[in-house]
Every structure is written in C-alpha cells, then in structure tokens.
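Worksheet for the structure shown next.
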Amino acid sequence: MITKEYEERIAELEEHVELLQQTNINLINRNLQLSQQLDAYYDVRRRVQVLRDLVIRHQELVKHADLRDDDELMALIESRMEQEPLYENPDFGLKDIAELTGTSQTRLIELFRRSPMYKSVDDYLDYLRLIRSMYYLQSEKSWSIGACAQQAGFAVIRTFNRKFLDAIGMTPIEFRQLMDEGGRK
C-alpha cells in the first residue's frame with residue numbers, strides 16, 4: 001500500500017511540478033513583455049528629452065538670431081532666397097522669411113526700414129520677383145507676359161505691369177522686345 005500511496009503522491013508532485021514549470025514559463029514570458037515595455041517607455045522618455053533639448057536650443061537660437069548685425073542677417077536672407085526661390089509663391093511674405101531665418105518679424109521690419117535699398121519686406125520681395133520675371137521674359141519666349149509674372153510670384157498682372165514700369169522704366173512687352181532685338185544683333 002505504501003507503494004500505491006507513494007506512486008499517487010509522486011503523480012501529484014509531478015503534476016504540481018508541471019504546473020510550476022508552466023507558471024514559471026508564463027512568468028518568464030510576462031517578464032519579457034514587461035521588460036520590452038519598460039525599454040520602450042525609456043526609449044520614449046529619452047526621445048522626449050532629446051526633443052525638449054532641441055526645442056530649448058531652437059528657442060535660444062531664435063533669441064540670439066535677432067542679435068545678428070544687419071549685414072549678416074541680410075546675407076542670410078539673400079542666401080536662403082537664392083537656395084530656393086520661395087518668393088515665387090505670391091503668399092510668401094514677412095512671416096515666412098522670419099521662420100526661414102529664425103528671426104522675429106519685428107527684427108526683419110527694422111532691418112528693412114534701415115536698408116538703403118529696400119524700405120520693406122514687400123519691396124525686397126518685389127525686387128526678387130521683378131528680377132525673376134525679367135529672367136522668364138527673356139528665357140521663356142513661349143510664355144505670355146502674364147505667365148512670366150505669375151511664375152515669378154506676382155498674383156495680379158496689373159500690379160506686375162505697374163511695378164515693372166516703375167522699376168525698369170519700360171513695360172514688360174517693351175523689355176521682351178528689347179531683349180529679342182539685342183539677341184538678334
């Protein structure tokens with residue numbers, strides 16, 4: 001009888017061991033899941049901290065961007081405008097230049113007020129657009145005057161014609177004819 005009780009007890013213990021082994025496997029799997037979640041949590045915290053540092057750094061740069069001297073700031077603006085002619089969008093303006101250069105709008109207004117060449121950001125953008133329109137008038141012979149004006153960033157053709165005449169002393173049509181005659185000689 002001892003052996004039968006002994007065998008039953010062994011069977012119970014083996015079942016208990018199997019149950020403990022399965023529980024152990026479940027605990028190990030849960031531990032791995034929690035470990036992965038913890039790693040992901042710390043990764044997110046690290047990324048958030050990096051982003052906070054970047055925001056703080058950007059804020060410091062913006063604070064100090066207004067301290068640039070006028071020549072340095074104007075050179076930065078001109079460099080950015082040459083890299084990508086964003087001014088060809090008629091809606092591009094003061095706010096966009098401020099974002100592009102990391103400078104306050106107030107600082108830009110002051111810069112252009114003191115400028116001997118331009119009295120406002122709009123004057124500067126008109127200048128860039130007029131230069132670009134002259135390029136299109138000369139190089140894109142199949143384009144209409146209106147298409148050249150729009151591509152250069154002028155939303156209204158009448159405004160373009162007036163500003164072109166004021167700046168160049170001739171109409172866009174006269175300019176194109178002059179360029180055509182100069183190219184034939």
Handout entry: First in region 160-171 and within 9 Å of LEU130 (Cα to Cα), second anywhere and small (Gly, Ala, Ser), Cβ under 6 Å, 6 or more apart
Key = PHE160/ALA149
Problem - Residue count, region 70-110 (criterion: farther than 13 Å from LEU128 by Cβ, in a loop (DSSP other than H, G, I, E, B) and open to solvent by 80 Å² or more (accessible area, probe 1.4 Å)) - result: 1
Handout entry: Yes/no for TYR41 being under 59 Å from the mean Cα position of the chain (by Cα) and open to solvent by 100 Å² or more (accessible area, probe 1.4 Å)
Key = yes
Fill in the blank from the handout: Being at pLDDT below 80, under 19 Å from SER104 (Cβ atoms) and more than 22 Å from the chain's Cα centre (by Cα) narrows LEU67, LEU61 down to just LEU67
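The values are calculated or read from the model by the stated rules, or taken from the named source; none is laboratory data. Nothing here was measured: the structure is a model prediction, and the numbers come from that model. Note: ideal-geometry Cβ built from the backbone for every residue, glycine included; neighbour counts use all protein chains shown. The accessibility values were calculated without ligands, DNA or RNA, using every heavy atom of the protein model including side chains. Shrake-Rupley method; radii C 1.70, N 1.55, O 1.52, S 1.80 Å.
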